[in-house]
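Chemist: The structure's right below; bear with me while I get my questions together.
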Amino acid sequence: MAIEKKTINPEDDLGFGNQAVSQRVINRDGSINVIRKGLPFFNTIDNYNSLITMPWPKFWMIVISAYLATNILFASIYVTLGIENLNGADGASPLHHFLDAFFFSAQTLSTVGYGHISPKSVATNFVAAFESMMGLLAFAIATGLLYGRFSRPSAKIAYSSSMLIAPYRITGRGLMFRLANKRRNTLADVTVEIIFSYNENVDGKTVRKFFPLELERRQASILTLSWTVVHPLDDNSPIKNITLEELKATNASFAVLLKAYDDTFAQTVHSRTSYQFDEIVWAARFTPAFYTNETGKVTLDINKISDCIPAELPS
């Protein structure tokens with residue numbers, strides 16, 4: 001095995017301890033690859049966190065589904081109480097009756113109330129009053145969720161799709177990947193670390209070991225263009241002579257942890273990703289991701305952040 005033995009710092013285990021794993025520890029999108037069971041289904045704190053962190057398409061699907069389900073429920077109640085209890089609901093068929101009740105429910109829920117349809121019995125007025133109260137509460141919650149999603153500081157970092165084993169300086173080699181800020185804001189005091197992990201057989205038991213890799217440069221004052229993060233594969237590297245076969249046999253992975261100061265929100269933001277052994281490209285180097293345009297301005301092309309070409313490695 002070409003991995004140099006070294007003392008493991010328990011603070012570098014990413015919360016997995018020495019439990020051997022055969023999966024990606026951190027997903028490419030930065031989420032932790034752990035399934036939690038035993039949590040209550042209606043957990044207010046967890047549900048709020050899920051709603052403000054889930055992808056936008058899923059969020060809007062939940063909001064629209066809840067809106068339609070609520071209106072269908074109240075429309076069914078109005079039809080059950082009798083469509084004759086809704087003034088102006090003059091549909092000629094059961095479908096038209098239901099649609100009249102549905103759109104009356106939508107107007108009541110949003111407190112718009114155009115006035116074309118109105119309740120006239122005590123039961124229908126009671127249901128309409130209750131629905132309008134529910135509508136006020138629901139829209140207040142939806143407004144809070146939207147504010148939470150827009151106001152939550154986060155880092156949007158573009159990472160190269162692969163790590164490279166590339167020529168480094170004149171006669172060396174380096175393990176490297178590239179990143180860039182996907183937003184137009186300024187990230188300052190950007191700090192990056194790479195934690196290498198692999199499975200190892202110790203006294204007949206497979207354990208997972210984690211330790212950080214030394215970087216050529218682990219901090220950038222301002223992230224303006226792309227940044228190629230390099231771990232030199234020199235005599236100080238524990239994986240200097242590692243091979244792809246050894247990385248595969250040990251289910252090796254590289255966790256990338258980034259921390260930066262976002263001057264827009266005046267808060268510290270974090271980003272994570274990881275690379276598995278099969279996401280490492282041997283004997284290649286990155287091509288420039290930025291250029292000078294016709295007006296003389298430096299232009300960064302995020303779409304080129306992963307572009308690389310074959311390169312000969314020093315022996």
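The values are calculated or read from the model by the stated rules, or taken from the named source; none is laboratory data. Please read all numbers here as calculations on a predicted model, not as lab measurements. Cβ atoms come from the backbone with ideal geometry, glycine included; neighbour counts cover every protein chain shown.
Chemist: Cβ-Cβ below 8 Å, separation at least six or inter-chain, first residue in the stretch 286-305 and touching a residue at least 24 places away in the same chain (Cβ under 8 Å) and more than 15 Å from R184 (Cα to Cα), second surrounded by 10 or more Cβ atoms within 10 Å (Cβ to Cβ) and of a type in the set (F, W, Y): which pairs?
Modeler: Listed by first residue and then by second, the contacts come to I305/Y159.
Chemist: Please work out which residue is surrounded by the fewest Cβ atoms within 10 Å (Cβ to Cβ), limiting yourself to the stretch 253-267 and to residues that are at pLDDT below 90 and of a type in the set (A, V, I, L, M, F, W, C). Break it down into steps so the answer makes sense when it comes.
Modeler: Kept after step one, since they are at pLDDT below 90, are these residues of the stretch 253-267: 263-266.
Now narrow it down to the ones that are of a type in the set (A, V, I, L, M, F, W, C): 265-266.
Details: F265: 13, A266: 8.
The qualifying residue surrounded by the fewest Cβ atoms within 10 Å (Cβ to Cβ) is A266.
Chemist: Something else now. For the list (1) of a type in the set (A, V, I, L, M); (2) under 30 Å from T224 (Cβ atoms); (3) surrounded by 13 or more Cβ atoms within 10 Å (Cβ to Cβ), I need the number of the one condition that A142 fails.
Modeler: The single condition A142 does not satisfy is (2).
Chemist: Residue check: is R208 part of a loop (DSSP other than H, G, I, E, B), in contact (Cβ under 8 Å) with a residue 24 or more places away in the chain, of a type in the set (K, R) and more than 21 Å from W282 (Cβ to Cβ)? First the steps, then the outcome.
Modeler: Numbers: part of a loop (DSSP other than H, G, I, E, B): no; in contact (Cβ under 8 Å) with a residue 24 or more places away in the chain: yes; of a type in the set (K, R): yes; more than 21 Å from W282 (Cβ to Cβ): yes.
No, not satisfied.
Chemist: Pull up the stretch 96-120, narrow it to residues that are small (G, A, S) and loosely packed, with under 14 Cβ neighbours inside 10 Å, then point me to the one that is farthest from N85 (Cα to Cα).
Modeler: First pass over the stretch 96-120, keeping only residues small (G, A, S): 101, 105-106, 110, 113, 115, 118.
Still in the list and also loosely packed, with under 14 Cβ neighbours inside 10 Å: 113, 115.
Numbers: G113: 16, G115: 14 Å.
Top of the filtered list is G113.
Chemist: Given the conditions (1) crowded, with 16+ Cβ neighbours inside 10 Å; (2) over 22 Å from the mean Cα position of the chain (by Cα), and given that D235 satisfies all but one, which numbered condition is not satisfied?
Modeler: The failed condition is (1).
Chemist: Among the listed residues V79, V63, identify the single one that is touching a helix residue (DSSP H, G or I) at 6+ places or on another chain (Cβ under 6 Å) and either in a helix (DSSP H, G or I) or surrounded by 14 or more Cβ atoms within 10 Å (Cβ to Cβ) (or both). So that I can check it myself, show each step before the final result.
Modeler: On the way: V63 fails: touching a helix residue (DSSP H, G or I) at 6+ places or on another chain (Cβ under 6 Å).
Of the residues listed, the single one that is touching a helix residue (DSSP H, G or I) at 6+ places or on another chain (Cβ under 6 Å) and either in a helix (DSSP H, G or I) or surrounded by 14 or more Cβ atoms within 10 Å (Cβ to Cβ) (or both) is V79.
Chemist: Output the residues belonging to the stretch 237-271 that are touching a strand residue (DSSP E or B) at 6+ places or on another chain (Cβ under 6 Å) and under 16 Å from F210 (Cα atoms).
Modeler: T250, N251, A252, S253, F254, A255, V256, L257
Chemist: Still on this model: In the stretch 154-167, is there at least one residue being of a type in the set (A, V, I, L, M) and surrounded by fewer than 15 Cβ atoms within 10 Å (Cβ to Cβ)? Walk me through it before giving the result.
Modeler: Start the filter on the stretch 154-167 by keeping residues that are of a type in the set (A, V, I, L, M), which leaves 155, 157-158, 163-166.
Subsequent filtering for residues that are surrounded by fewer than 15 Cβ atoms within 10 Å (Cβ to Cβ) retains none.
The answer is no, given that none of the residues of the stretch 154-167 is of a type in the set (A, V, I, L, M) and surrounded by fewer than 15 Cβ atoms within 10 Å (Cβ to Cβ).
Chemist: Oh, and also: If I ask for residues that are over 25 Å from the mean Cα position of the chain (by Cα) and among the polar types (S, T, N, Q), which ones from the stretch 258-313 would you list?
Modeler: Scanning the stretch 258-313 gives T287, T292, N293, T295, T299.
Chemist: A further question on this structure: Check off (1) closer than 19 Å to L225 by Cβ; (2) not in a strand (DSSP E or B) for T191 and give me the number that stays unchecked.
Modeler: (2)
Chemist: Moving on to the next point. Within the stretch 268-315, which residues are assigned to a loop (DSSP other than H, G, I, E, B) and within 23 Å of H231 (Cβ to Cβ)?
Modeler: Applying the first criterion (assigned to a loop (DSSP other than H, G, I, E, B)) to the stretch 268-315 yields 283, 287-289, 293-297, 301, 305-307, 311-315.
A283, T287, P288, A289, I305, S306, D307, A311, E312, L313, P314, S315 - these are the residues of the stretch 268-315 that are assigned to a loop (DSSP other than H, G, I, E, B) and within 23 Å of H231 (Cβ to Cβ).
Chemist: Hey, among the residues in the stretch 74-98 that are among the aliphatic types (A, V, I, L, M) and without any contact (Cβ under 8 Å) to a residue 12 or more places away in the chain, which one's farthest from I141 (Cα to Cα)?
Modeler: Going residue by residue through the stretch 74-98, those that are among the aliphatic types (A, V, I, L, M) are 75, 77, 79, 81, 83, 86, 89, 92, 95.
Within this subset, residues satisfying the condition of being without any contact (Cβ under 8 Å) to a residue 12 or more places away in the chain are 92, 95.
Details: A92: 37, L95: 32 Å.
Selected residue: A92.
Chemist: I'd like to check something: does the stretch 268-275 contain any residue that is touching a Gly at 6+ places or on another chain (Cβ under 9 Å), among the basic types (K, R) and buried (at least 18 other Cβ atoms within 10 Å of the Cβ)?
Modeler: Initially, the stretch 268-275 is screened for residues touching a Gly at 6+ places or on another chain (Cβ under 9 Å), giving 270-274.
Pick out the ones that are also among the basic types (K, R) and you get 272.
Then keep just the ones that are buried (at least 18 other Cβ atoms within 10 Å of the Cβ); that gives 272.
Looking through the stretch 268-275, at least one residue is touching a Gly at 6+ places or on another chain (Cβ under 9 Å), among the basic types (K, R) and buried (at least 18 other Cβ atoms within 10 Å of the Cβ).
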